Each structure stands twice: as C-alpha cells, then as structure tokens.
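Each remark here refers to the structure printed beneath this line.
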Amino acid sequence: MVGDGMLQIHPLRTDSHRANGRPYAQIARRRDSGEITKLRTGVFLPTDEWNALSPVNRHRILVTETFSLLRSDALASYRSAAALLGIPCLGTPPERVHVTDVRQGGQISAHVRHHRERRRPPATVVDGVPCTSPARTAIDLARTLPFDSALIAMDHVLHCRLATPQEIAAELDALGRVRGSARARLVAAHASDQAESPGESLSRARMIQLAAPLPSLQKEFWDDRGLIGRTDFWWEDLLLVGEFDGAVKYGVGGGAPQVAANEVVYREKLREDRIRAQGARFLRWGWDDAISIPRFTRLLVTAGVLAVSCAPLPLYTYLGRE
C-alpha cells in the first residue's frame, strides 16, 4: 500500500496473486472489464485509484514498483528522482523510469532507461527508493531539460532548502565536463531561492530568454499603516510591479467556497490599491501568458519593460532531451 496524500493506493501484483494459488485469468478478466489498469508488467491498480492520481504520482508508483526488481546499487535519477523528491518540472513525466548506476548505461527496456556514470552520484532515499540527491537531481535536469523547466526545478530546490548554492556548485565541479554540464552551470547562475512558485520561475526564465531587464524579487512595500506585503517582481526604474497570478498563490483552489474565494480576491485588491497609492503600476499574468513566449513578449512590450518584440536568445532556447 502506497500513500498519495490522503489517497491510499493498493497495487495488485501478479506474482503475489499466483503465489496465493489464484489463476492469472482472474486478473485478465478484471483488466478486460476496466476494473483494474496496468501500471507496468506484473502490476495493476484499481482503475478508480489510477484515475485519481496525478501524472507525477503515477510515475512515483511506477518508480517504486520498478525498483523492487532492480539491483541494489541503482539510483532513480533525472525526472524519476524529481518525482520522488517533489521537484516540479514542465510537462508530463517520462514513460520509463530513469536509473543511474556505474555498471550499466545507455540501455532502454520497456520500463527503464539506464544512465551510466563514472562514479556513483550522491544519493538519498525516498519512500524506500534510492535516488540521486536534490543537488545532483537539479543538475541532471538542467543538463537535459529546456531552460525554463530546468530553472523551475533548480529554483525549487534552492527555495525549499533541499540543497544550497554551494552544494550545487560542488557537485558541478565534481561532475566535470560532461554532456550538458555547461547548460547546468548556466541554469545554476540564474537560479534563485527567492522564487516562491513554479509560475514565478517560469516567468523569470522568459525574462532571461528575452534579455529583458531583470526585476527585484519579493520586494516589500510599506506605508504609514505598516507592511503592505511583498510583490513577485519589481522594476524600480519603471515603478512597475509584476505579479504571477495563480489559484495556489491566492489560496483559492478549484474546490474553495465562493465566499472564501471572493474574500481572498477582495483582500488582494486592497493590497494592490495601497501599493498603487505609492505611484506603482501593476502588470499581471498567468500560466497561459508565461507558457507562450510570444504572448509574454507582448505583455512586456505593452508594459514598457521591452522596447520592441524580440526573439528569445539562442543560448536559452535549447529543447532538451530525455
């Protein structure tokens, strides 16, 4: 049984089923009827439990079930380690479990993608599964993912104190000149522990890609009544506040009561009014704006952050690879 927040997951394993003297035909009938869903060879989940899982948590269970069959010196790595450690990335997790070890690499099976390393990376254990350390995981993601996703991951590691800048720098030095290490150093140079959400990190990645003037992060505003609050971004020369808007930020998820949601929005309006009274302007955007580089560019041009529309810098537009 594996915990997924408040949800309890009950994998059905064919080896245990057969060991108890029950025929595989029973599993086949439940599978064909849609009662259970295949996770990987030999492992099924009740379909209602499967449907309730996020893609990341589906991958976490795939990692856990797969590692019960692997050698003890293997480590979950890359996106698989990120899923275990709770490190956010753009897009959906891979179909295969990513594994790093010192004896086997470059091989792909139905469920596993092997990466070979000259030395065993620093490791930790999550849910009984050995995986690369947060610092090494952030570096491996930066070596292989696009700049925006890599910055989201490394910002999270720093903000949540999963690793320090010094630990990331030390692991980069120990890793040496390998494929993607220059990209990882580039991401590390821009990473910040002040980004409080993936949306803020994505927004800053877009600013970096577009060579836009970079704002101050988490700027505090005060008036004669005391602290007003902090803003995501602040361009002092433009007297411009930038805010990434999201339901999580305002504490109003999809299931929040409407009265509570309205109260949160009202308090945010009062906060904004107090900051505007100091001469500041506001620029707000959401996920759809930040995901689209052309759309985000138009926002920055309209607000005067960028003089004209421009293409992203080639240095920050590599597509990444699995």
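Read-outs throughout are calculated quantities, based only on the coordinates presented, and are distinct from any laboratory measurement. What you see is a predicted model; the values in this text were computed from it and never measured. Note: ideal-geometry Cβ built from the backbone for every residue, glycine included; neighbour counts use all protein chains shown.
For the options V97, V178, V187, a Gaussian network treatment of the chain with springs between C-alpha atoms closer than 10 Å singles out V178 as fluctuating the most. When the square roots of the Cα gyration tensor eigenvalues are ordered a ≥ b ≥ c, the ratio a/c for the range 172-250 is 1.5 or more and a/b exceeds b/c, which makes its shape prolate. Computed from the Cβ-Cβ distance with R0 of 35 Å, the FRET efficiency linking L313 to R120 stands at 0.45. Going by neighbour counts of Cβ atoms within 10 Å, the residues E272, E236 line up, fewest first, as E236, E272.
The convex hull built on the alpha-carbon positions of the range 54-193 has an orientation-averaged projected area of 7.5 nm².
Along the chain, the exposed loop sites are trypsin sites (Lys or Arg not before Pro) outside DSSP states H, G, I, E and B with at most 16 other Cβ atoms within 10 Å, and the longest stretch free of them is 226-320. Remark on R281: its backbone amide H falls under 5 Å from those of L240, V241, a criterion applied only to residues 5 or more positions apart or on other chains, H modelled at 1.01 Å from N. Note on the range 78-153: Cα Rg divided by 2.2 N^0.38 Å, N the number of residues, gives 1.04. Maximal additional length on extending the R177-C160 stretch stands at 3.4 nm, based on 0.36 nm per residue less the C-alpha distance. Taking label positions 7 Å along the Cα-Cβ direction at both I291 and N262, the computed distance is 3.0 nm, reported to one decimal.
Taking the fewest neighbouring Cβ atoms within 10 Å as the starting point, the ordered list for Y316, Y266, Y78 is Y266, Y316, Y78. Quick one, which of [x] 0.93; [y] 1.03; [z] 1.16 is the actual Cα Rg over 2.2 N^0.38 Å calculated for this model? Read-out taken from this structure: [z].
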